Every structure is written in C-alpha cells, then in structure tokens.
Amino acid sequence: MKVLRTPESRFEGLADWPFGAHYVDIRGSGDVALRMAYVDEGPRDGAPVLLMHGEPSWSYLYRHIIPRLVAQGHRVLAPDLIGFGRSDKPASRADYTYERHVDWMSQWFLALDLKDVVLFCQDWGGLIGLRLVAAFPDRFAGVIAGNTSLPVGGGSSPGFDAWLHMSQTIPVMPIGGILNMGTTRELSADEIAAYDAPFPDESFKEGARQFPALVPITAEHGSVAENQEAWKVLETFEKPFLTAFSDNDPVTKGAEAAFKARVPGARNEAHVILPGGHFLQEDSPAAIADLLDDMVRRTR
C-alpha cells in the first residue's frame, strides 16, 4: 500500500479554521501505518459529540458547528476519514473498500476509548458511522442522522445515479466545486479553496473517486450482508435517534423514512427537515448545533 500525505502547509490560513490537528496511527492493509487526523475541541470531561463527514468533504464541513458546541460545554470530535482532509491517503483506488473504512474508523474509535457518544453523521459519515453504532451500541448515547442512509442493495435515486456517473467520468474532480454544487448558499472562493486543500493533485483523490462506487446499491455490491446485520442491531436501538435531513437534496431525499420506521429510538423523536442542500452543515449549522446540544442534555 503506497500512502500519500498532504503537506501541513496546505492547511495553514484556511478560512474560519483555527483548529489544530490530533493524530492516531491505525493499521492499513498489510500492517502499513496510516495516520488519521481529527479535531478534538472542548473539555475532555465534556459530553463527547462525534461529527462524521462524508464524500468528498472533510472535517472543515463542521467549522461553524464545532465552536457552538464547545461554547455549550461539550467535547467535540471531528475525524477526517482516511483518504480525506489531513488524514493519510492510500494512492490506489483498490486500497479503498467499505469494510476497510469501517475497520479504520473502528480502530480510531477504540483507540480514543469513546463512550456515551452523541453522533451526527451525514453522507458516508452515516454509512460508516451507523456501522460503528451497530458494532458498539453501548458506547453511543444517541444519534442524529442527516442526508445519509445504510443501503442494502435496494437501488438508488436519480440524484445519486447522476453523481455516480459524474464522479467516475470527470477527468478532473473539482472537490471544492462539488461542495459548492451541494449547498443552497454560495460558498466563497476561500471556502472552496479550503475544500480543495487536502488534494494537491489528482493522485490524492483516489478515495474520493472510489467512494461513490462503493455504495451498496445492488445485491452484487460488497457490504450488503454486513449492512443487513447492522440493521438488525439498529432495529433494537432504543436510545434517541433523530433524523435531520434537508429540504433540497436529490441524493438522499426520502431516506429518513427507513430510520423513522425501523429504529425504535426514532419513534418519539421530533424529526426535522432543515433548509439546505446535500451538505446541510454548510446551510444550517446553528440548527444542527442546537439539535446536538439538546440531545446531549437529554441523554446526560
């Protein structure tokens, strides 16, 4: 496994990004060491809030949410998935699989020995984060899911099909431009540049290229069986499970229905639809922070 590492200089002076990096070394393929980066802000004895990003973003997506939660007294953790942000980036698309991503995040999660966690997950942050909930349900106090799913081969939406086609055919993947297309507000040039920062050139984007092709939308995809097993655990999860999807996301529109119908902890929650695009953290950061603060206080 050849591993690329984005120079630290690429992350200097980013707009609205004062957060330092913390690192944990995890095992990659063939025991190759991979460095996973994460934000860890707020009091160490505060209630842990885990913010998980998806494709092709990084923890920068939560820059307007992190300080709000810290001001409310919570410990906030926002990891960069392997292949994204300040984390290491395997150079071959074949190095990225759904199960490896789950394993990499599980290693990080256990290394930090996190407990009583409230999770916010979006996009692939949900596909991976909800697998963590299923693997370690006793370590989670509650979940807020936004614009995500846990697919088991049952098909896809036209919005996702369009994204899959684009991601596999476009010669240069404009990461910041993709983020801008997925929000209802217009990102600034500095914000777009910050989303581009982890990727000095196309060779660093193999994880971003591979992610859409890994979503198990058909029975032939990998991880269908593993996700089916995860659903069995979620169908017994009685802790608070809130859906907070957006009103303008063609990729995941309607996916909240499965969580509301199948997860016991969702039955008495006041589910919401927030204004925003696919990357609703950019469009409704204050509302998301308030929902997380409320869930932490209820579960503590």
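Comparing Cα centroids, segment 128-195 and segment 17-79 end up 17 angstrom apart. Measuring nothing but protein heavy atoms, the accessible surface of the chain at 1.4 Å probe radius is 51 percent carbon and sulfur.
Would you rank 267, 209, 44 by solvent-accessible area, highest first, keeping every protein chain in place and using a 1.4 Å probe?
Values: 267 165, 209 25, 44 125 Å².
Reading off the accessible areas and sorting them downward yields 267, 44, 209.
Using the rule -39500 (n - 2.57) for each DSSP H run of four or more residues, divided by the residues of the chain, the 222 nm mean residue ellipticity is -10000 deg cm²/dmol.
Seen from residue 59, the other residues with C-beta closer than 9 Å to its C-beta sum to a net charge of +1, counting Lys and Arg as +1 and Asp and Glu as -1.
Computed extension length for residue 231-residue 202: 6.9 nm, one decimal, from 0.36 nm per residue of separation with the Cα-Cα distance subtracted.
Exposed loop sites are taken as GluC sites (Glu not before Pro) in a DSSP loop (any state but H, G, I, E or B) with at most 14 other beta carbon atoms within 10 Å; the longest stretch of the chain without one runs 13-185. Dimensions of segment 30-80 from C-alpha coordinates, computed as largest minus smallest value along each principal axis and given longest first, are 42, 25, 10 Å. Annotation: residue 14 carries an accessible surface of approximately 30 Å², with a 1.4 Å probe and no ligand, DNA or RNA atoms counted. Looking at the chain, the accessible area is 38 square angstrom per residue; that uses a 1.4 Å probe and ignores ligands, DNA and RNA.
Between residue 91 and residue 170, the FRET efficiency estimated from the beta carbon spacing at R0 = 22 angstrom works out to 0.70. Averaged over residues, the count of other Cβ atoms within 10 Å places the peptides 162-172, 68-78, 49-59 in the sequence 49-59, 68-78, 162-172, highest first.
Exceeding 28 Å between C-alpha atoms, which entries from my cross-link table qualify? They are 232/253; 2/253; 115/260.
The pairs that break the limit, which is 28 Å between Cα atoms, are 2/253.
Looking at the square roots a ≥ b ≥ c of the eigenvalues of the Cα gyration tensor of segment 161-300, which shape do they give, rounded for a/c under 1.5, prolate if a/b is larger than b/c, or oblate? Taking the square roots of the gyration eigenvalues as a ≥ b ≥ c, segment 161-300 is oblate. Evaluating 6.51 cos²θ - 1.76 cosθ + 1.60 at θ = phi - 60° for every residue in segment 214-223, the Karplus couplings come out as 8, 4, x, 8, 10, 5, 7, 5, x, 6 Hz, glycine and proline recorded as x.
Only alpha carbons enter this Debye calculation for the chain, each as an equal point scatterer, and the log10 of I(q)/I(0) it gives at q = 0.07 Å⁻¹ is -0.22.
The values are calculated or read from the model by the stated rules, or taken from the named source; none is laboratory data. From a predicted model like this one, the values you see are computed outputs, not experimental measurements. Note that we place each Cβ from the backbone using ideal geometry, even for glycine, and neighbour counts take in every protein chain shown. Ligands, DNA and RNA are stripped out before the accessible areas are found, and what is left, the full protein with its side chains, is counted by its heavy atoms. Shrake-Rupley method; radii C 1.70, N 1.55, O 1.52, S 1.80 Å.
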